[in-house]
Amino acid sequence: MRKTWLRDYIIKRLFYAVIIAWGILTITFILVRVGPTSPADKYLTNLAARGEEPAQVIAAIEARYGLDKPILAQYADYVVNLLRGDWGWSFSTSMPVIKLIKTHWIYSFQLILFSTILAALVGILIGIYSAVRQYSKTDYIATFFSFIGISIPNFWLGVMLILLFSVKLGLFKTYYDTGIPLFSLANLKQLILPVITLGTGMMAGYTRYTRSAMLDNLRKEFVRTARAKGLPERVVIGKHVFRNAILPLVTIIMFDLGSIVFGGAYLTEIVFGIPGLGRISFNAIFADDYAVVVAVTLISAFLILLINLTTDIAYAYLDPRIRYD
Amino acid sequence: MIKGIKHLARRVGGIKNLILILLATLLGLTLLLDIFVVERIFDPLGYLYLTLGIVFLLYVAWPLYHSRRLVQYYWQRVKRNRLAVLGLAFILFLILLAIFGPLFTTDPTAANFEQKNLPPVGFTTSESIYNPQTGQFITKVISGTWEHPLGTDNKGRDLLAMIISGARVSLQVGLLATGIAVALGTLIGVISAYLGGKMDNILMRFTDIMMTFPFFLLLVFIVFIFGPSLAFIVLVIGLTGWTGVARLIRSEALSLRTREFVLAAKALGASDGRIILAHLVPNVISLIIVIATLSIPGVIMAEAALSFIGLGDPAVTSWGMVLRAGQQSLDTAWWVAVAPGVMLFFTVLAFNFVGDGLRDAFDPRSSV
């Protein structure tokens, strides 16, 4: 009974995921096409500067990128090319977009990975403590600081950290040094400020979510039963309350990863000059390099789709009480 | 005549809707006139202000005025939350600053290289100047003057004037974009919940698609393609930021849909439009107010982030833009980076405090 339900649910979710993926592709395509300038215009200035005939250049570019075909054929080309892994040519860096992304994704990945782990660990611990000692002094202080953490714009926090620790105290470099090998202590050291920058807001959020999820469960009947049985408080909190609070928490953390963290990482990379996906998209914007900006937007949307899908299915699998219609 | 109006009002679902339709038509005609006959009756932001002003008056201010006692009751409860009152005071201060500040300050874009990098009042900096005659460096101590209370940047622009201009931009974007997003989200959420079935499915799948884009990256993408102007940025934030609102309003409206007063209205032959606008929307208004207040910080931050990375409207001085300039002169003029960020931080904090206070006052158990 449950097995067939789960299978149906997974199939349904996959079906929705395909629709959403199609929607993402289509909206992106429409936005680029409706835009006031075509990608061809942007190349034009570059090529015309070399003294080539504008009309010929336009025709050549349009033919090369298929812009002279009817709009539906262009749309079909676009989708097919993306599916085949041909994500276009980045003219500002003179390499295929897919190659550019392959060399740069690791920088975003390490930043997001470290920030999420740190923020989740510290945030959840503070949240649990805050909930268990509700209305204590520590709780008030934690709540106050989580308010500040949520309200502080992360790009400004980054600039302030650079000002204090790099410019005034000289403890860190003001810019991320790509010459340092990725798997080294020096690299960890230069990631400290970026990770704090990106992690603070997340940590504050997780503290609040954990606190409220724990409080919700602390008031439940089974907690009273557990205490009445004479279980030690450590077991009541750790095994009974926290276990029930963790699942919705993971969902929120996963959801945040998409909506907040990607935008935050984009800005953090720009502040510190970390050459991740955000930074290459930023550089591409000012070089009018369409393909890169489109690719970074698409990749992050698809990643979020994947994360949400996995979370939903894992959630349905792990929590036997859950029923969706 | 009056009978005719009453009849017409009933047809469109209440006198308020009639006024809305009339004013919207008037605004539409002005817009057409603006585009095709004469130029610039209002600027684009002006149209946004007018549209949202009409909607606000009819669907927020009017109902609130009608239930003054309830408003007073909630105000008493909000007043107990000291942080919320503090936040409200700061927001009022900011609004006054944005409206009247420009009267007392100079042009925020006026450069004056003779007075560049002046520190704020009460601070001093030292500058090494090369003296070509002696071939030595002379250390000159510069202290802030009251002419530029917050100092100047590396082009000699007055920081206070830039901050005030930024407050204007942030408030405009925050209020207008949130207005659009909340109006759109409410409409989509309520329609989705009320009509249900296929319509609900389509609208919610569309919401899913929009939610899958990371908000800030989508914003960057659209502004990159269409080019930055303040009115356009406001519009884009509004048109992309409604998804969360729609979800929340939908779930609230779903529980209202089967309540007796809706069934009664239906039994009396009310049209779908009337039930949505006259029965469902007024009943989610407290939720709308809380969501709107709590959405403003995100919107303000999004605009600041856009101008920080250089995708803001280059014609207006905003906090993000000043911060961007500040990061480039951290070692010579740290105050340029500090001031806009402090303002941004306090603004966001203030709206969060007020939103939290409102939420607790309306419904202490909810967790929006």
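Read the figures in this text as sums done on the coordinates, not as results from a lab. The structure presented is a predicted model; accordingly, all values stated were derived computationally and were not measured. Please note: Cβ atoms are built from the backbone with ideal geometry, for glycine as well, and neighbour counts cover all protein chains shown.
What the Cα convex hull of the stretch B:248-363 gives, in volume per residue, is 123 Å³. Think of it as helices only: each DSSP H run of n ≥ 4 in the protein assembly as shown is worth -39500 (n - 2.57), and spread over all residues that comes to -23500 deg cm²/dmol at 222 nm. Karplus-derived 3J(HN,Hα) values for the stretch A:71-82, using 6.51 cos²θ - 1.76 cosθ + 1.60 with θ = phi - 60°, are 4, 6, 5, 4, 4, 5, 4, 4, 5, 4, 4, 4 Hz; glycine and proline are entered as x. Past the 28 Å Cα-Cα mark, which pairs from A:Lys137/A:Lys168; A:Lys137/A:Lys220; A:Lys168/B:Lys140? Check vs 28 Å cut-off fails for A:Lys137/A:Lys168. Averaged over peptide B:308-318, the number of partner chain Cβ atoms lying within 10 Å of each residue's Cβ comes to 2.
Might you report the magnitude of the Cβ-based charge dipole of the protein assembly as shown about its Cα centre, with Lys and Arg at +1 and Asp and Glu at -1, to the nearest 20 debye? Don't skip to the answer; put the middle values down first.
Numbers: 59 positive and 40 negative charges, 661 e Å.
The dipole of the protein assembly as shown has a size of about 3180 debye.
In the protein assembly as shown, taking the dipole from charged Cβ atoms about the Cα centre, the farthest positive-side position among B:Ala181, B:Ser255, B:Leu64 is held by B:Ser255. Result for chain B in a Gaussian network model with C-alpha springs under 10 Å: among B:Ile296, B:Ile209, B:Ile191, the largest mean-square fluctuation is at B:Ile209.
Using the Karplus relation 6.51 cos²θ - 1.76 cosθ + 1.60 with θ = phi - 60°, the per-residue 3J(HN,Hα) values for the stretch B:63-76 come to x, 5, 5, 5, 10, 4, 5, 5, 4, 4, 4, 5, 4, 4 Hz, with x marking Gly and Pro. Counting neighbouring beta carbons within 10 Å and listing from fewest to most, the residues B:Glu114, B:Glu260, B:Glu252 come out as B:Glu114, B:Glu260, B:Glu252. Look at the stretch B:201-214: the mean tally of other chain Cβ atoms within 10 Å of its residues' Cβ atoms is 6.
Given axes a ≥ b ≥ c from the Cα gyration tensor, I'd like to know whether the protein assembly as shown is rounded (a/c under 1.5), prolate (a/b larger than b/c) or oblate. Write out the running numbers ahead of the final one.
Details: a/c = 1.25, a/b = 1.19, b/c = 1.05.
Rounded.
Ignoring lysines fewer than eight residues from B:Lys266 along the same chain, the ones with Cα atoms less than 26 angstrom from its Cα are B:Lys3, B:Lys6, B:Lys16, B:Lys198. Proximity of backbone amide H atoms, modeled 1.01 Å from N, is registered between A:Met95 and A:Ser90 at under 5 Å, excluding neighbours fewer than 5 places apart on the same chain. Per-residue mean of foreign Cβ neighbours for B:219-229 is 5 (Cβ atoms of other chains, 10 Å radius). Annotation: amide H-H contacts under 5 Å for B:Ile142 (H modelled 1.01 Å from N, sequence separation of 5 or more, or interchain): B:Thr125, B:Ser126, B:Glu127. Mind running the shape call on the stretch A:159-211? Use the C-alpha gyration tensor, a ≥ b ≥ c as the square roots of the eigenvalues: rounded below 1.5 for a/c, prolate if a/b tops b/c, oblate otherwise. Oblate is the answer for the stretch A:159-211, as a/c is 1.5 or above yet b/c matches or exceeds a/b.
Between A:Lys189 and A:Asp86, what's the calculated FRET efficiency when r is the beta-carbon distance and R0 is 45 Å? Round to 0.05. Intermediate values should be presented prior to the final figure.
Numbers: r = 39 Å, r/R0 = 0.87.
For A:Lys189 and A:Asp86, the calculated efficiency is 0.70.
Of all lysines in the structure, the ones whose alpha carbon falls short of 21 Å from that of A:Lys173, not counting any fewer than 8 places away in one chain, are A:Lys189. Comparing B:Asn154, A:Ile253, B:Leu217 along the charge dipole axis of the protein assembly as shown, the residue lying farthest to the positive side is A:Ile253, per the Cβ-charge model.
May I ask you to compute the full-extension gain from B:Val71 to B:Ala9, defined as 0.36 nm times their residue separation minus their alpha-carbon distance, rounded to one decimal in nm?
Working: separation 62, 0.36 × 62 = 22.32 nm, distance 2.74 nm.
So the extension gain works out to 19.6 nm.
Using the count of nearby Cβ atoms within 10 Å as a rough guide to exposure, how do A:Arg227, A:Arg84 rank from fewest to most? Present the calculation step by step, with values, prior to reporting the outcome.
Working: A:Arg227 14, A:Arg84 8.
The fewest-first ordering by Cβ neighbours comes to A:Arg84, A:Arg227.
Among B:Tyr47, B:Tyr194, what is the fewest-to-most ranking by other Cβ atoms within 10 Å? All intermediate terms of the calculation are to be shown ahead of the outcome.
Details: B:Tyr47 17, B:Tyr194 20.
Going from sparsest to densest Cβ surroundings: B:Tyr47, B:Tyr194.
With θ taken as phi - 60° and the Karplus curve 6.51 cos²θ - 1.76 cosθ + 1.60 applied, the whole-hertz 3J(HN,Hα) list for the stretch A:184-199 is 8, 5, 4, 5, 4, 5, 6, 8, 4, 4, x, 5, 4, 4, 6, x Hz, x standing for glycine and proline. Taking a ≥ b ≥ c as the square roots of the Cα gyration tensor eigenvalues, chain A comes out oblate, since a/c reaches at least 1.5 and a/b does not exceed b/c.
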